[in-house]
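The values are calculated or read from the model by the stated rules, or taken from the named source; none is laboratory data. Source: prediction; values computed, not measured. Positions of Cβ are generated from backbone atoms using ideal geometry, with glycine treated the same way; all protein chains shown enter the neighbour counts.
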Amino acid sequence: MSRAAPYAELSPERVLAAVESVGLLTDGRLLALNSYENRVYQVGLDAAAPVVVKFYRPGRWSDAAIAEEHAFAAELAAAELPVVAPTLIDGRSLQVAGVHRFAIYPRRGGRAPQLESAEHLQWMGRLIARIHAIGARRRFATRGAIDLDTFLRAPAAAVLASPLLPAAVVPRYRAAIEALSTPLQQRFAAADPHHLRLHGDCHPGNVLWTDHGPHFVDLDDARLGPAVQDLWMLAPDARALDQLLEGYAEFRDFDYAELSLIEPLRVLRQVHWAGWIALRWHDPAFPQGFPFVGEARWWEQHVNDLFEAATHLGA
């Protein structure tokens, strides 16, 4: 399999063959769903409801790390939390077809949550608190944590090694990352957050709302980290955050010192995203999906944003 096209061999025929290899009879219908990190498809089954099939990006997670993701999802589902867990087939949730690893999920529809609705925000806050109560029972052994090594230093190294970063911008980018390092360390040290198992990427696109309320999908970024990580991306403003925390407090205590981590987490997400793009640029889907990242002006603005964040954090 070519590094330049990690999914080049994953033709529609092979997707259907992979699903049938685990004993499910397909009806030939196949719909590609929006995903850049992995490849995700809705697959029609003969005489059964369609399923969602996720093919994991080669080399990103070990089998053990994927097993931890699946076990966490199953643990949450067993507690009757609305989290979509992978289907067990012959006692296994991680399947293999040729060079590709994949998992099969029940299809769950829904619409985006209304982030201006106090009811929706409080509901999500209550459910996130219950997820965290279970997440605090034990720790991940292999999935890592939200820390400066993973979300600052590693993605910065990927950017600096990438031809995407214009040579003229390299010195300023290095300086911006260095300027961020100390205030970020100080913020995390001052908050001293307790790390627990998290959804990890709890943005509105990973919450689907139905007439019965929200359910959470895609634990692919589950890691250890502070509770506020699963809250801040759902809060477009201070009022929304207050509503989330009001619901959260009904089921779990929240350490308000973690609010000081929202801006650090926001800038770490920016740095991590740029590094993610740099690492994935060889995948043809990325230049097509993010053409602006190939332009020097995007990197110049990115560096300006990092310097501004460093100034704000250090103030």
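Among the residues of the stretch 89-97, is any crowded, with 17+ Cβ neighbours inside 10 Å, in contact with a Lys or Arg (Cβ under 9 Å, 6 or more places away or on another chain) and assigned to a strand (DSSP E or B)?
Looking for residues that are crowded, with 17+ Cβ neighbours inside 10 Å, in contact with a Lys or Arg (Cβ under 9 Å, 6 or more places away or on another chain) and assigned to a strand (DSSP E or B), one finds at least one in the stretch 89-97, hence yes.
Out of curiosity, is P214 outside any helix (DSSP H, G or I) and in contact with a helix residue (DSSP H, G or I) (Cβ under 6 Å, 6 or more places away or on another chain)?
Considered against the rule, which asks whether it is outside any helix (DSSP H, G or I) and in contact with a helix residue (DSSP H, G or I) (Cβ under 6 Å, 6 or more places away or on another chain), P214 comes out as yes.
Looking only at residues in the stretch 104-118 that are more than 9 Å from V52 (Cα to Cα) and of a type in the set (A, V, I, L, M), which one is surrounded by the fewest Cβ atoms within 10 Å (Cβ to Cβ)?
So the residue we want is A112.
For the stretch 10-28, how many residues are modelled with pLDDT under 95, crowded, with 16+ Cβ neighbours inside 10 Å and polar (S, T, N, Q)?
Selection size over the stretch 10-28: 0.
Looking at the stretch 297-306, can you tell me whether even one residue there is in a loop (DSSP other than H, G, I, E, B) and either farther than 26 Å from F72 by Cα or at pLDDT below 95 (or both)? First the steps, then the outcome.
To start, the set of residues in the stretch 297-306 that are in a loop (DSSP other than H, G, I, E, B) comprises none.
Looking through the stretch 297-306, none of the residues is in a loop (DSSP other than H, G, I, E, B) and either farther than 26 Å from F72 by Cα or at pLDDT below 95 (or both).
Which helices (runs of 4 or more DSSP H) sit wholly inside the stretch 113-195 and have at least 2 residues that are assigned by TED's automatic domain parsing to the domain that holds D221 and among the β-branched types (V, I, T)?
118-135, 170-191
What is the number of the single condition among (1) among the acidic types (D, E); (2) within 29 Å of T182 (Cα to Cα); (3) in contact (Cβ under 8 Å) with a residue 12 or more places away in the chain that D283 does not meet?
(2)
Can you spot a residue in the stretch 149-157 that is surrounded by fewer than 20 Cβ atoms within 10 Å (Cβ to Cβ), touching a residue at least 60 places away in the same chain (Cβ under 8 Å) and within 30 Å of S117 (Cα to Cα)?
no
Got a sec? Which helices (runs of 4 or more DSSP H) wholly within the stretch 217-284 have at least 2 residues that are buried (at least 17 other Cβ atoms within 10 Å of the Cβ) and either outside the structural domain of H195 (by TED's automatic domain parsing) or among the small types (G, A, S) (or both)?
So the answer is 238-248, 262-280.
Scan the stretch 182-211 for residues that are exposed (fewer than 15 other Cβ atoms within 10 Å of the Cβ), farther than 17 Å from P82 by Cβ and not acidic (D, E) and jot them down.
Residues satisfying the conditions are T182, Q185, Q186, A189, A190, H194.
Would you confirm whether or not the stretch 104-111 contains a residue that is more than 24 Å from V267 (Cβ to Cβ), in contact (Cβ under 8 Å) with a residue 40 or more places away in the chain, touching a Pro at 6+ places or on another chain (Cβ under 8 Å) and not in a loop (DSSP other than H, G, I, E, B)? Spell out the reasoning first.
Pass one, the stretch 104-111, residues more than 24 Å from V267 (Cβ to Cβ): 104-111.
Next, only the ones that are in contact (Cβ under 8 Å) with a residue 40 or more places away in the chain stay: 104-111.
Narrowing the set further to residues that are touching a Pro at 6+ places or on another chain (Cβ under 8 Å) leaves 104-105, 107, 110.
Going one step further and asking which of them are not in a loop (DSSP other than H, G, I, E, B), we end up with 104-105.
There is at least one residue in the stretch 104-111 that is more than 24 Å from V267 (Cβ to Cβ), in contact (Cβ under 8 Å) with a residue 40 or more places away in the chain, touching a Pro at 6+ places or on another chain (Cβ under 8 Å) and not in a loop (DSSP other than H, G, I, E, B).
Residue by residue through the stretch 203-229, note down the ones that are at pLDDT below 95 and more than 16 Å from Y36 (Cα to Cα). Lay out the reasoning, then the answer.
First pass over the stretch 203-229, keeping only residues at pLDDT below 95: 203-218.
Correct list: P204, V207, L208, W209, T210, D211, H212, G213, P214, H215, F216.
Among the aromatic types (F, W, Y) and either crowded, with 17+ Cβ neighbours inside 10 Å or closer than 30 Å to L245 by Cβ (or both) - does that describe any residue in the stretch 29-36?
no
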